[in-house]
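The values are calculated or read from the model by the stated rules, or taken from the named source; none is laboratory data. Since the structure is predicted, the reported quantities are computational estimates derived from the model, not experimental observations. Here the Cβ positions follow ideal geometry from the backbone for every residue, glycine too, while neighbour counts run over all protein chains shown.
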Amino acid sequence: MPASPVPERGMSSETDGHMSPVNSAGATRVLVVDDEAPIRLLCRVNLEAEGMSVLEAADGASGLDLARDEQPDVVLLDVMMPGLDGWRVAEELLEDDRTSGIPIIFLTARAEFRDRARGLDIGGVDYVTKPFNPLELAQLVRGLLERIERGERDALRGEKIAELRALMDTQ
């Protein structure tokens, strides 16, 4: 019996020699990895309301498997999870050739400077602290993906690091 079909992923316009993945249906595919079901539901409802497709994982190990199997366009990743935490999930995703190009947005209650710095240092493109405004989530995801598609991934991370440094200087 054949496996159930997975939407094909094409490539969008080339930018700086890199291609950005987009599934053939055109909907942005977001993987939400969080051990809290209400957070996953909040993300799902708000992202789907904006036309995005949402995959969910309740722990780090299943998040890794889903990312490798489904190749989402972006991962929203909690840090504090039992078992495999978000830091390790991010490291493994970024070390794996199949998932290294998937942008990671940390979505976590850990709001200290050192945690934000660690998330960006690992390779995340953004760091959103809980509680967050779920109505702004789709706009954030869309904006980040548009910038990455234009080849601005490193510039984006640099801006986030500069914002963090500015916050540290005011403390």
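Things worth noting here:
- Residue count for the stretch 89-108, restricted to those that are within 14 Å of the chain's Cα centre (by Cα) and more than 25 Å from GLN139 (Cα to Cα): 2
Quick grid of which residues meet (1) touching a strand residue (DSSP E or B) at 6+ places or on another chain (Cβ under 9 Å); (2) modelled with pLDDT of 90 or more:
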residue	(1), (2)
THR108	yes, no
ALA111	yes, no
ARG114	no, no
GLY119	yes, no
THR129	yes, no
GLN139	no, yes
LEU145	yes, yes
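- Selection count where residues are of a type in the set (A, V, I, L, M), over 29 Å from THR170 (Cβ atoms) and out of contact with any helix residue (DSSP H, G or I) (no Cβ under 8 Å at 6 or more places or on another chain), scope the stretch 62-114: 1
- Annotation: ASP78 fulfils all but one of (1) acidic (Asp, Glu); (2) modelled with pLDDT under 85; (3) in contact with a strand residue (DSSP E or B) (Cβ under 6 Å, 6 or more places away or on another chain); the unmet one is (2).
- Residues of the stretch 44-86 that are of a type in the set (Gly, Ala, Ser) and within 12 Å of the chain's Cα centre (by Cα): GLY63, ALA67, GLY86.
- When ASP85, ASP69 are checked against the criterion of being closer than 21 Å to THR129 by Cβ and out of contact with any strand residue (DSSP E or B) (no Cβ under 9 Å at 6 or more places or on another chain), ASP85 stands alone in meeting it.
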